[in-house]
Amino acid sequence: MSNATEDVTADEAQELPESRGATTQVRHREILEILRREGRLDVAPGAARLGITPETLRRDLRTLERVGRIRRTYGAAFPVESGRFESPAEAREGAISEEKLRIAEAAVRQLGHEQTLFIDEGFLPQLVARALPERGRYTIVTPSLPTANELAQRPELEVLLLGGRVRGVSLGTVDHWATAMLAGFVIDIAFMGASGVSVEFGVTTPDPAVAAVKRAALAVSRRRLLVGAHTKFGVASFSRFADLDDFELLITGEQLPTHRAQVFTSLGARVMRV
């Protein structure tokens, strides 16, 4: 009986006796708030933090994953940036992981003789920027204020920040000012991020204004690489900006199972797991 009570959706919880259903709903809200604020929740410390048993937390996480609110992996949970939700920039900074560092380093290793680079907004593209060779002389085009601020301190780099409205959640620039600037460039290689990579819906992001900037960057770039943690795969967000085969390479973590990577490969996408 206890399993059936704990393992319910929010709608189902409303049909339970008020005390039990309300408790489940409150826990689910707390879990989602932590994930959105911090970007990750580990089961053992998370259970202690919430004052519940690890098994109860696992049941809650299974429920939230089943309705598409989170993704689980190896004893931890991560937010799914579906619909219009995006985790704030400071949460992404705090969610740095070995996987993301490996992805960024693998992306930089794909550089050949390219001189002009587009580096997308988002934390993983920002890690790509940090991993650029110290003596490399590049012209960087970016909509990301944090990336522009970091790279502008390197005298060997020329940094062009796209103009436009600044989105508080990501500190990236958008709207017609940004897309108009991009239309005047020819870029050697683009390092792109995404909120979702889906077989059914392609490559997506929550905000249509961000999607427009991403599409404009892809349109003027000779080479296109996508960087994304394994938790982004199988997820669809609100605004589609590319197809899987628009990229020469999708770089993700080795935590993405081989059989899932092969599904994307069968649709024309080359996947590198690092």
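Taken over the range 172-209, the criterion of being among the aliphatic types (A, V, I, L, M) and under 15 Å from residue 141 (Cα atoms) is satisfied by 174, 178, 180, 181, 182, 183, 186, 187, 189, 190, 192. The criterion of at least 2 residues that are at pLDDT 95 or above and of a type outside the set (Phe, Trp, Tyr) is met, among helices (runs of 4 or more DSSP H) falling completely within the range 64-177, by 98-108, 123-130, 145-151. Of all residues in the range 184-226, those satisfying the criterion of being at pLDDT 95 or above and of a type in the set (Phe, Trp, Tyr) are 185, 191.
State all residues of the range 246-260 that are out of contact with any helix residue (DSSP H, G or I) (no Cβ under 9 Å at 6 or more places or on another chain) and modelled with pLDDT under 95; if no residue qualifies, say none. Before you say what the answer is, go through the steps one by one.
Start the filter on the range 246-260 by keeping residues that are out of contact with any helix residue (DSSP H, G or I) (no Cβ under 9 Å at 6 or more places or on another chain), which leaves 248, 258-259.
Within the range 246-260, 258, 259 meet the criteria.
Figure legend. Inter-residue proximity from the range 122-139: first residues within 13 Å of residue 154 (Cα to Cα) and assigned by TED's automatic domain parsing to the domain that holds residue 217, second residues of a type in the set (Asp, Glu) and not in a loop (DSSP other than H, G, I, E, B), beta-carbon distance below 8 Å, spacing 6+ or different chains. Indicated pairs: 129/150; 130/150; 131/105; 138/158; 139/158. Scanning the range 179-220 for residues that are surrounded by 21 or more Cβ atoms within 10 Å (Cβ to Cβ), under 17 Å from residue 159 (Cβ atoms) and small (Gly, Ala, Ser) yields 190, 217.
Among the residues making up the range 33-56, none is modelled with pLDDT under 85 and over 27 Å from the mean Cα position of the chain (by Cα). When we screen 226, 250 for residues that are free of Cβ contacts under 8 Å to residues at least 40 places away in the same chain, under 14 Å from the mean Cα position of the chain (by Cα) and outside any helix (DSSP H, G or I), the only hit is 226.
Name the residues in the range 145-178 that are among the small types (Gly, Ala, Ser) and either surrounded by fewer than 19 Cβ atoms within 10 Å (Cβ to Cβ) or in contact (Cβ under 8 Å) with a residue 60 or more places away in the chain (or both), would you? Even if it seems obvious, please write down each step before you answer.
Filtering the range 145-178 down to residues among the small types (Gly, Ala, Ser) leaves 148, 152, 163-164, 168, 170, 172, 178.
Correct list: 152, 163, 168, 170.
Looking at 216, 183, 209, just one residue is farther than 19 Å from residue 270 by Cα, touching a residue at least 12 places away in the same chain (Cβ under 8 Å), in contact with a Leu (Cβ under 6 Å, 6 or more places away or on another chain) and among the hydrophobic types (A, V, I, L, M, F, W, C), and that residue is 216. Of all residues in the range 241-266 being over 22 Å from residue 221 (Cα atoms) and either touching a Phe, Trp or Tyr at 6+ places or on another chain (Cβ under 6 Å) or among the aliphatic types (A, V, I, L, M) (or both), which is surrounded by the fewest Cβ atoms within 10 Å (Cβ to Cβ)? Selected residue: 263.
The values are calculated or read from the model by the stated rules, or taken from the named source; none is laboratory data. Keep in mind that what you see is a predicted model, and the values were worked out from it rather than measured. Using ideal geometry, Cβ is built from the backbone for each residue, glycine included, and neighbour counts are taken over all protein chains shown.
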